[in-house]
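Enquirer: Structure below; questions to follow.
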Amino acid sequence: MSEGGKFEDNSCGEVPPEEARRQADRLKKKISDICVKCRTEKSTLLFRKESICWPCYEDQIIRKFKTQLNATRKNKSQLEKVLIAFSGGPSSRALIHILNECILGRSNQASAFFEIGGIIHIDESGVTKPETAEEKEKLAQVAASYNIPYHSVPFGSIFNDSENPTQETNREKIEKLMQGCTTNTTREDIIFHMRNLLIANTARTLGYEKVLFGTSASRMATTLISLVCKGRGYNVAQEIGNNDTKYGDVQFGYPMRDFLGKEVSVYNHHKHLEDVFLPSLDTKTSDPKFSIDHLTESFIEGLQVDFSHTVHTLLRSSVKLTMPKIDQPMTCSICAASLLPSTTSQSIGGEGKEDSCCGENGCGGEEWLVVVANISDYVCGGCHRVMNEISPQVLPPYVQHNADRNGRSSRLRSQIEDYLLDDGE
Amino acid sequence: MRLSIEFSGGLELLFGKKKQHSVEVDKKEIVLRDLLQWIKENLLKERPELFLSQQTVRPGILVLINDCDWELMGGLDYKVEDKDELVFISTLHGG
């Protein structure tokens, strides 16, 4: 391989001598041998274009973490007991460690108001390769090393249905669901939403009001762009806002949202924090167009190399987004996102299912209560795309339950509509 | 020269699932740019495009030389020394 290859597209034509170029490069990146923060130690790391030493780096991480942690609090005077979502990955691994350190130190008021109640892990065996006994052990070991209770919830429990138990095992149902999708984008999409729903439901059952996620800035930026690409732009504020209220009484918080993936990995490396690598669907794929999420990630990481503000600029813009207030909110039957007012009114006005009833106005009896709703009528824009791909039979039972409930309330609303007063009246 | 090379964050899957590699490079002097090619030819087991892209590491892979950020050390032009510890960490989702 020729060394000059890299400079072939150098438009200025002149390649400066090696040493001069290196000096210029160092100057451009403001690289200094002494830490720019404490001005005493030798600099070893680059943090937001500044060369700093490890103690200053750690200090910066903790400081930024506390700011973000504080931003997730609604009631600033109450002690909050939180559940930590642990995927096994580096960011959630670091989250457990940093939060625990903050609480033990109690140097800062914010962290004194937190208590880690437990760690939750969604076991995605079946979606991907089954977790080995060794991996399970490692995951539990992380929680045990901090003396925190550990809950491992199988992904298959999303199919649990007490009303209509079936012969099929959850593992078989996951398989059918995955085979039912024709694209990897949809597979990743529904795994993401169902995983979050499962975490929210488990948190509710265990009595938590808040779940903290280790989602890093890099991951957030990828999610932001891919949400837009997947037709979920309307829900961006709800999905990645710091006070995710999508799941009603269970709030999601993202205190790691300021850190790049690289910053987290540097921290973990220095602290000897071992994450548990669990392969995901896109592991080892050579296809750059494997899925929208995968493509978006390489796009953003590629930009980030040359424009180091890419990720943070994206996120700074996204935090300004807010959800419009909707009275009578209805939520998507699959992903629990708020439905667009137009979508809801359309399904109310459309009355596509009326013919399954008697079709007359004010149809008698309780018949409208038992009508099986058409799932596609009560899903958000993004999940419409999902419904175009897969048949309703392979979806977990909660989807039909939600659709039925949405159907009932929209029918009820349309029946009493004439008696309701508009805001203007 | 003797080098200690570590791969993690899922990168180890491309190197026979082995994280720690202690290797002997039969050269007196080598810059990191050439060492990457050496790694590709001698250690990498599969899918080179997931490790290297246009003669440097793929975006999203973090490189540490003796626990220091490689950008501080001169990046691809860094002259590798005997007993250096190099760490490659994939920060990408899915490794």
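The values are calculated or read from the model by the stated rules, or taken from the named source; none is laboratory data. Because the structure is predicted, anything quoted here is derived from the model rather than measured. With ideal geometry, Cβ positions are generated from the backbone for all residues, glycine too; neighbour counts draw on all protein chains shown.
Enquirer: Tally time: how many residues in the range A:188-209 are surrounded by fewer than 22 Cβ atoms within 10 Å (Cβ to Cβ) and of a type in the set (D, E, K, R)?
Expert: Count: 3.
Enquirer: May I pose another question? Taking the condition of being within 19 Å of A:Glu297 (Cα to Cα), more than 10 Å from the chain's Cα centre (by Cα) and either more than 7 Å from chain A (Cβ to nearest Cβ) or β-branched (Val, Ile, Thr) (or both), how many residues in the range B:72-95 meet it?
Expert: 2
Enquirer: I've got another one for you. Within the range B:40-75, which residues are in contact with a Ser or Thr (Cβ under 6 Å, 6 or more places away or on another chain) and in contact (Cβ under 8 Å) with a residue 12 or more places away in the chain?
Expert: Correct list: B:Arg47, B:Gly60, B:Ile61, B:Leu62.
Enquirer: Can you name every residue in the range B:1-38 that is crowded, with 20+ Cβ neighbours inside 10 Å, touching a residue at least 60 places away in the same chain (Cβ under 8 Å) and under 11 Å from the mean Cα position of the chain (by Cα)?
Expert: B:Leu3, B:Phe7, B:Ser8, B:Leu11, listed by residue number.
Enquirer: Tell me yes or no: at least one residue of the range A:378-391 is touching a Cys at 6+ places or on another chain (Cβ under 9 Å), of a type in the set (Val, Ile, Thr), surrounded by 10 or more Cβ atoms within 10 Å (Cβ to Cβ) and within 23 Å of A:Thr169 (Cβ to Cβ).
Expert: yes
Enquirer: Counting only residues that are within 29 Å of the chain's Cα centre (by Cα) and charged (D, E, K, R), which one in the range A:377-422 is farthest from A:Gly180 (Cα to Cα)?
Expert: Looking at residues that are within 29 Å of the chain's Cα centre (by Cα) and charged (D, E, K, R), I get A:Arg405.
Enquirer: Okay, moving on. Quick one: which of B:Asp69, B:Asp34 is more than 27 Å from A:Trp54 (Cβ to Cβ), within 10 Å of another protein chain (Cβ to nearest Cβ) and touching a helix residue (DSSP H, G or I) at 6+ places or on another chain (Cβ under 9 Å)?
Expert: Going through B:Asp69, B:Asp34 in turn, just one is more than 27 Å from A:Trp54 (Cβ to Cβ), within 10 Å of another protein chain (Cβ to nearest Cβ) and touching a helix residue (DSSP H, G or I) at 6+ places or on another chain (Cβ under 9 Å): B:Asp34.
Enquirer: Now a separate question. Pick from the range B:39-66 the residues that are under 19 Å from B:Met1 (Cβ atoms) and within 9 Å of chain A (Cβ to nearest Cβ): which of them is nearest to the chain's Cα centre (by Cα)?
Expert: So, considering only residues that are under 19 Å from B:Met1 (Cβ atoms) and within 9 Å of chain A (Cβ to nearest Cβ), the one nearest to the chain's Cα centre (by Cα) is B:Leu64.
Residue-wise test of (1) crowded, with 18+ Cβ neighbours inside 10 Å; (2) outside the structural domain of A:Asp282 (by TED's automatic domain parsing); (3) modelled with pLDDT under 90; (4) in contact with a Phe, Trp or Tyr (Cβ under 9 Å, 6 or more places away or on another chain).
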| site | (1), (2), (3), (4) |
| --- | --- |
| A:Cys102 | yes, no, yes, yes |
| A:Asn108 | no, no, yes, no |
| A:Phe113 | yes, no, yes, no |
| A:Gly118 | yes, no, no, yes |
| A:Asp123 | yes, no, no, yes |
| A:Thr128 | no, no, yes, no |
| A:Glu131 | yes, no, no, no |
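Here is a yes/no grid of residues against (1) buried (at least 21 other Cβ atoms within 10 Å of the Cβ); (2) of a type in the set (A, V, I, L, M); (3) more than 14 Å from chain B (Cβ to nearest Cβ); (4) farther than 30 Å from B:Phe88 by Cβ:
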| site | (1), (2), (3), (4) |
| --- | --- |
| A:Arg219 | yes, no, no, no |
| A:Ser226 | yes, no, no, no |
| A:Val236 | no, yes, yes, yes |
| A:Lys246 | yes, no, yes, yes |
| A:Gln251 | yes, no, yes, yes |
| A:Pro255 | yes, no, yes, no |
| A:Phe259 | yes, no, no, no |
| A:Ser265 | yes, no, no, no |
| A:Leu273 | no, yes, no, no |
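Enquirer: Same structure, new question: Can you name the helices (runs of 4 or more DSSP H) wholly within the range A:290-366 that have at least 2 residues being modelled with pLDDT of 70 or more and in contact with a helix residue (DSSP H, G or I) (Cβ under 9 Å, 6 or more places away or on another chain)? If you could, list the steps in order and put the result at the bottom.
Expert: On the way: elements: A:292-306, A:310-318, A:341-350.
Output list reads A:292-306, A:310-318.
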